[in-house]
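Student: One structure, as structure tokens, below. Some questions next.
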Amino acid sequence: MSLIVDIKKRYSGFTLDVSFEMEKMPLGILGASGSGKSMTLKCIAGIITPDEGRIEVDGRVLYDSKARINLRPQVRRVGYLLQNHALFPNMTVEKNIAEALDGPNREKGARIEQLLHRFELDGLGKRYPSQLSGGQQQRVAVARVLASEPDVLLLDEPFSALDAYLKESLQLDMKNRLEDFDGYAVMVTHDREEVYKLCPSLMLLEHGQVDNFGLTADLFKQPGTVAAARLTGCKNLSRATKKDDLTVFAEDWNLTLKTADAVPDDLTHIGVRAHAFKATNEDSVINMVTFDIRSAIETPFEWNILIQPDKGQGAEPIWWMLTKESQVFEKPAYLTVAPEDVLLLTGGNNTT
Amino acid sequence: MDISAILISLRTAVLSIVITFFLGVLAAWGVVSMRRERVRAVVDGILTLPMVLPPTVAGFFLLYIFGVNRPVGKMLIEWFGIRVVFNWTATVIAAVVISFPLMYRSARGAFEQVDPDLIYAARTIGMSEWRIFWRVIMPMALPGVASGGILAFGRGLGEFGATAMIAGNIAGQTRTLPLAVYSAVAGGDMEGAYAYVAILVGISFIIVVSMNVLTAKERRGVRPKNRK
């Protein structure tokens with residue numbers, strides 16, 4: 001029992017070549033804009049037809065170029081939740097939902113009431129989408145998609161059209177809905193926090209190709225590739241060479257660092273997350289960095305500081321993030337990074 | 001003033017707009033749904049051509065097709081006993097052909113303005129293409145389609161060149177208002193011309209006002225009918 005996707009689609013200057021198999025655990029697809037995330041969803045929904053490949057849900061074939069099968073979107077049982085919700089502006093909430101329901105009209109009324117109640121939209125059935133708040137519109141869109149009883153639920157940047165303060169509570173709400181949903185949920189986003197909150201498994205897309213696939217928590221901890229490190233929000237990347245099994249030399253920073261894991265032979269880069277640097281005044285710690293401060297940006301709860309390692313011998317600057325404990329910032333003597341926080345990365349030569 | 005010109009003109013304009021409306025909407029939807037870019041460009045060019053051609057040239061082609069000694073014209077006479085040229089039918093055909101591109105292009109523009117996401121969403125929740133057209137696309141495109149209809153009506157009412165070529169200028173049969181204006185002036189009857197002109201200007205003014213009302217509506221977007 002799984003959703004199997006294996007598709008290719010060629011455009012001039014861009015090729016989408018995506019292949020994955022997933023179980024009923026919400027999957028996030030993270031990628032930069034133009035990486036082919038939305039296109040992947042459109043192929044699954046049947047809005048775009050791939051050049052070749054196969055899409056299968058629990059053994060039911062939706063698309064197979066060899067067998068010449070290409071089901072219409074109407075019969076795929078794939079729900080597609082769009083960024084702008086795509087509610088029909090000329091219909092009331094009730095009518096919007098009714099369009100997704102099958103069966104005789106007299107049964108629809110009761111089912112619409114149920115859905116409105118389930119999505120906390122009681123009493124809003126007669127309103128038009130333009131008369132609802134952004135959060136309500138999203139709940140109507142989700143109710144409408146689920147009313148069509150899909151096997152697969154696709155979410156295309158579901159929170160990007162919403163105000164920041166609404167996002168948090170709607171994300172929590174969506175997390176619960178996704179957990180209740182008995183099917184395959186795939187969410188596309190460029191927001192790593194969103195993916196971390198909502199999707200236990202994660203696929204990283206880079207230039208139309210799958211760069212990495214795994215459990216979200218693992219991929220954030222050990223990105224493994226340069227693309228994955230960048231997509232999961234690692235601000236500091238440096239070209240690196242292997243010195244010995246537990247030592248690397250970071251060329252861009254002019255630093256030699258100890259690592260916790262064995263350094264792979266095909267290592268191309270290392271990454272260190274901005275918050276992994278710790279301040280210290282002792283001069284005998286491991287992975288000690290002497291530095292100058294270039295500039296600093298203050299946010300309500302943290303300092304983002306751009307530092308120059310090794311007293312400025314032409315090295316690239318590094319971002320250091322420090323949670324605020326006091327309003328005053330004092331420069332420590334050194335920074336240090338724990339060996340397990342040095343991310344060992346491969347595949348940097350293909351992308352940079 | 002000859003009242004028959006007014007009646008002939010109105011009958012022609014009303015019947016031709018009904019035909020033009022359906023043909024135009026159908027053609028627009030057909031072209032919008034076409035997948036192949038090149039085929040679409042060619043078809044679009046052919047459908048738009050009557051708008052760019054001088055009406056007398058369009059009329060010349062019509063005469064070429066429907067003339068009594070031409071295959072199509074001959075067939076219509078022999079099989080159905082219908083003689084198209086220099087007949088009231090010809091005024092309708094001329095009005096339809098000349099006003100069609102306006103209807104077609106407005107409808108196409110209106111259909112292309114409909115947010116494709118709405119159509120994708122409609123498909124994935126299981127609505128049939130037919131239902132999507134009538135329940136989603138048409139209501140969204142209605143202001144644009146309607147203004148195209150009004151424009152096409154105005155153009156059909158004012159049709160002169162092609163009508164003169166294929167229908168002639170037979171008083172009481174094919175003499176529409178624009179032809180009546182021409183005939184009155186040619187015959188030195190300025191009083192008669194004033195009356196015809198006044199009627200045409202009046203109708204045109206109503207058309208411009210209704211266009212503006214519709215465009216304003218289009219700009220505001222589709223409004224809910226019963227606000228709370």
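Values quoted throughout were computed directly from the atomic coordinates according to the rules given, and no laboratory measurement underlies them. As the structure is a computational prediction, the values presented were derived from the model and not from experiment. As a convention, Cβ positions derive from the backbone with ideal geometry for all residues, glycine included, and neighbour counts pool all protein chains shown.
Student: Take the alpha carbon atoms of the range A:154-194, find their center, do the same for the range A:210-234, and report the distance between the two centers in whole angstrom.
Tutor: Their Cα centres are 20 Å away from one another.
Student: Just to check, using Stokes-Einstein with a Kirkwood Rh over alpha carbon pairs, what's the diffusion coefficient of the range A:3-226 at 20 °C and 1.002 mPa s in µm²/s?
Tutor: Answer from the Stokes-Einstein relation: 118 µm²/s.
Student: Here's another thing I want to ask about it. Looking at A:ALA100, B:TRP88, A:ALA45, which one has the Cα that reaches farthest to the positive end of the dipole of the protein assembly as shown (charges on Cβ: Lys, Arg +1; Asp, Glu -1)?
Tutor: B:TRP88
Student: A follow-up question, please. Can you find, among B:TYR120, B:ALA110, B:TRP79, the residue sitting farthest towards the positive end of the charge dipole of the range B:38-126, where Lys and Arg contribute +1 and Asp and Glu -1 at Cβ?
Tutor: The listed residue farthest towards the positive side: B:TRP79.
Student: Can you check what the net charge comes to around A:ASN176, using other residues whose Cβ is under 13 Å from the Cβ of A:ASN176 (Lys, Arg +1; Asp, Glu -1)?
Tutor: Net local charge, A:ASN176 excluded: +1.
Student: Suppose R0 equals 45 Å. What FRET efficiency, 1/(1 + (r/R0)^6) with r the Cβ-Cβ distance, do A:ARG192 and B:SER33 give to the nearest 0.05?
Tutor: 0.70
Student: Then there's this: With 10 angstrom as the radius, rank A:VAL272, A:VAL152 by how many other C-beta atoms surround their C-beta, starting from the fewest.
Tutor: Placing the least packed residue first, the sequence is A:VAL152, A:VAL272.
Student: Once you list every other residue whose beta carbon is under 9 Å from the beta carbon of A:GLY271, what net charge do they have if Lys and Arg are +1 and Asp and Glu are -1?
Tutor: +3
Student: Now for a different question. For A:43-51, what's the mean count of beta carbons from other chains sitting within 10 Å of each residue's beta carbon?
Tutor: Partner Cβ neighbours, averaged per residue: 2.
Student: Quick one: work out the % antiparallel among DSSP beta bridges in the protein assembly as shown, nearest 5.
Tutor: 75
Student: Let me make sure I get this right: for the range B:3-220, a, b and c are the square roots of the gyration tensor eigenvalues over alpha carbons, sorted descending. Under 1.5 in a/c it's rounded, otherwise prolate if a/b > b/c, else oblate. Which is it?
Tutor: Since a/c reaches 1.5 but b/c is at least a/b, the shape of the range B:3-220 is classed as oblate.
Student: So how tilted is helix B:55-66 from the main axis of chain B? Cα-based, degrees 0 to 90, rounded to 10.
Tutor: Roughly 80 degrees, rounded to the nearest 10.
Student: If the only charges are +1 at each Lys and Arg Cβ and -1 at each Asp and Glu Cβ, what is the size of the charge dipole of the range A:236-279 around the Cα centre, to the nearest 20 debye?
Tutor: Working: 6 positive and 7 negative charges, 55 e Å.
Its charge dipole is roughly 260 debye.
Student: Please find, in a Gaussian network model of chain B (springs between Cα atoms separated by less than 10 Å), the residue of B:ALA167, B:ALA121, B:ALA146 whose mean-square fluctuation is greatest.
Tutor: In the Gaussian network model the winner is B:ALA121.
Student: Another question, if that's okay. Return the loop-located GluC sites (Glu not before Pro) in the range A:72-177 (DSSP other than H, G, I, E, B) with at most 12 other Cβ atoms within 10 Å of their own Cβ; answer none if there are none.
Tutor: For GluC sites (Glu not before Pro) across the range A:72-177 that sit outside H, G, I, E and B with at most 12 neighbouring Cβ atoms in 10 Å, the list reads A:GLU120.
Student: As a test of the definition: which semi-axes, in Å, follow for the range A:118-209 when you take the square root of five times each eigenvalue of its alpha carbon gyration tensor? Largest first, please.
Tutor: 24, 16, 12
Student: Taking each residue in A:68-78, count the Cβ atoms of any other chain within 10 Å of its Cβ, then average. What number comes out?
Tutor: 3
Student: Assign unit charges at the C-beta atoms only (+1 for Lys and Arg, -1 for Asp and Glu), then state the dipole size of chain A relative to its Cα centre in Debye, rounded to the nearest 20.
Tutor: The dipole of chain A has a size of about 1240 debye.
Student: Let me ask another. For a 22 Å ceiling on Cα separation, which of these pairs sit above it: A:LYS8/A:LYS42; A:LYS221/A:LYS258; A:LYS167/A:LYS235; A:LYS8/A:LYS221; A:LYS167/A:LYS221; A:LYS278/A:LYS324?
Tutor: Those over the limit are A:LYS167/A:LYS235; A:LYS8/A:LYS221; A:LYS167/A:LYS221.
Student: Further question: What average number of partner chain Cβ atoms lie no more than 10 Å from the Cβ of the residues making up B:113-121?
Tutor: 6
Student: Using 0.36 nm per residue, how much length does the chain from A:ASP261 to A:ILE286 gain when fully extended, once their Cα-Cα distance is taken away?
Tutor: Value of the extension gain: 7.5 nm.
Student: A further question on this structure: What is the local net charge at B:ALA167, summed over the other residues whose Cβ is closer than 10 Å to its Cβ (Lys, Arg +1; Asp, Glu -1)?
Tutor: That sum, taken over residues with Cβ under 10 Å, equals 0.
Student: Under a plain spin-label model, where a point goes 7 Å from the Cα along Cα-to-Cβ, how far apart in nm are B:GLU129 and B:VAL208?
Tutor: 4.2
Student: Taking the range B:57-164, which trypsin sites (Lys or Arg not before Pro) meet the DSSP loop condition and have no more than 16 other C-beta atoms within 10 Å?
Tutor: B:ARG83
Student: Please compute the Kirkwood hydrodynamic radius of the range A:263-349 from all pairs of different C-alpha atoms, in Å with one decimal.
Tutor: After inverting the mean inverse Cα-Cα distance, the result is 14.1 Å.
Student: Could you work out the equivalent-ellipsoid semi-axes for the protein assembly as shown, taking the square root of 5 times each eigenvalue of the Cα gyration tensor, largest first, in whole Å?
Tutor: Semi-axis lengths for the protein assembly as shown are 67, 27, 25 Å.
Student: Something else: If R₀ is 30 angstrom, what is the calculated FRET efficiency for the pair A:GLU149 and B:GLN113, using the beta carbon separation as r and rounding to 0.05?
Tutor: In this case the efficiency is close to 0.40.
Student: If you place +1 on the Cβ of every Lys and Arg and -1 on the Cβ of every Asp and Glu, how big does the dipole about the Cα centre of the range B:3-220 come out, in debye to the nearest 20?
Tutor: Roughly 480 debye, rounded to the nearest 20.
Student: Right, another one. How high is the FRET efficiency between B:MET75 and B:GLU191 when r is their beta carbon distance and R₀ equals 30 Å, given to the nearest 0.05?
Tutor: After rounding, the FRET efficiency stands at 0.10.
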